[in-house]
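S.K.: Structure below; questions to follow.
The values are calculated or read from the model by the stated rules, or taken from the named source; none is laboratory data. All figures in this text were calculated on a predicted structure; none of them were measured in a lab. Reconstructed Cβ throughout: ideal geometry from the backbone, glycine too, with neighbour counts over all protein chains shown.
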């Protein structure tokens, strides 16, 4: 009878596990700030629900309000086309849709798409 003894993970297995864990940590370090940034943008958009004079404000003023709140949170600014504001029959709609691009390795990027939406009646 040839009975093998139970053995642990070999050197190659340990190396592969370390590479996997380090890669996951580096990826998390690049993605977590993107989601923190999105959380701040979501809070800035949601805070417009509290503004009772929102419908009477102009589109440029609403964009400025969002940008000031983002600056206060040290958050990246949004492009003008990322913020869409529409007024229809006593309802104002604010949509913020944008993509965040994070370089990972060389020419490989991760792209995360985000969208925030509010509707407020006059």
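S.K.: Within the bounds of region 81-88, is there any residue that is under 18 Å from residue 120 (Cβ atoms), surrounded by fewer than 12 Cβ atoms within 10 Å (Cβ to Cβ) and free of Cβ contacts under 8 Å to residues at least 24 places away in the same chain? Outline the logic, then answer.
M.R.: Step one: of region 81-88, the residues under 18 Å from residue 120 (Cβ atoms) are 83-88.
Those still in the list that are surrounded by fewer than 12 Cβ atoms within 10 Å (Cβ to Cβ) too: 86, 88.
Okay, now just the ones that are also free of Cβ contacts under 8 Å to residues at least 24 places away in the same chain, so 86, 88.
Yes: one or more hits.
S.K.: Still on this structure: Applying the selection to region 13-35, what residues are under 28 Å from residue 115 (Cβ atoms) and surrounded by 11 or more Cβ atoms within 10 Å (Cβ to Cβ)?
M.R.: Scanning region 13-35 gives 26, 27, 30, 31, 33, 34, 35.
S.K.: Residue 76 passes all but one of (1) over 20 Å from residue 118 (Cα atoms); (2) free of Cβ contacts under 8 Å to residues at least 60 places away in the same chain; (3) out of contact with any helix residue (DSSP H, G or I) (no Cβ under 7 Å at 6 or more places or on another chain); which number fails?
M.R.: Going through the list (1) over 20 Å from residue 118 (Cα atoms); (2) free of Cβ contacts under 8 Å to residues at least 60 places away in the same chain; (3) out of contact with any helix residue (DSSP H, G or I) (no Cβ under 7 Å at 6 or more places or on another chain), residue 76 breaks only (3).
S.K.: Please go through region 36-66 and pick out each residue that is surrounded by fewer than 17 Cβ atoms within 10 Å (Cβ to Cβ), touching a residue at least 60 places away in the same chain (Cβ under 8 Å) and closer than 22 Å to residue 111 by Cβ.
M.R.: 42
S.K.: Name the residues in region 62-73 that are more than 19 Å from the chain's Cα centre (by Cα) and closer than 12 Å to residue 94 by Cβ, would you? Break it down into steps so the answer makes sense when it comes.
M.R.: The first filter runs over region 62-73 and keeps only residues more than 19 Å from the chain's Cα centre (by Cα), leaving 62, 64-65.
Once the filter is applied, which keeps residues that are more than 19 Å from the chain's Cα centre (by Cα) and closer than 12 Å to residue 94 by Cβ, region 62-73 yields 62, 65.
S.K.: Across region 89-119, what is the number of residues that are in contact with a strand residue (DSSP E or B) (Cβ under 8 Å, 6 or more places away or on another chain) and either more than 20 Å from residue 58 (Cα to Cα) or surrounded by 14 or more Cβ atoms within 10 Å (Cβ to Cβ) (or both)?
M.R.: Within region 89-119, residues that are in contact with a strand residue (DSSP E or B) (Cβ under 8 Å, 6 or more places away or on another chain) and either more than 20 Å from residue 58 (Cα to Cα) or surrounded by 14 or more Cβ atoms within 10 Å (Cβ to Cβ) (or both) number 21.
S.K.: Output the number of the condition that residue 24 fails; it satisfies all remaining conditions of (1) in contact with a strand residue (DSSP E or B) (Cβ under 6 Å, 6 or more places away or on another chain); (2) outside any loop (DSSP other than H, G, I, E, B).
M.R.: The failed condition is (1).
S.K.: Out of everything in region 1-60 that is modelled with pLDDT under 90 and in contact with a helix residue (DSSP H, G or I) (Cβ under 8 Å, 6 or more places away or on another chain), what residue ends up being farthest from residue 85 (Cα to Cα)?
M.R.: Looking at the filtered set, the residue picked out is 9.
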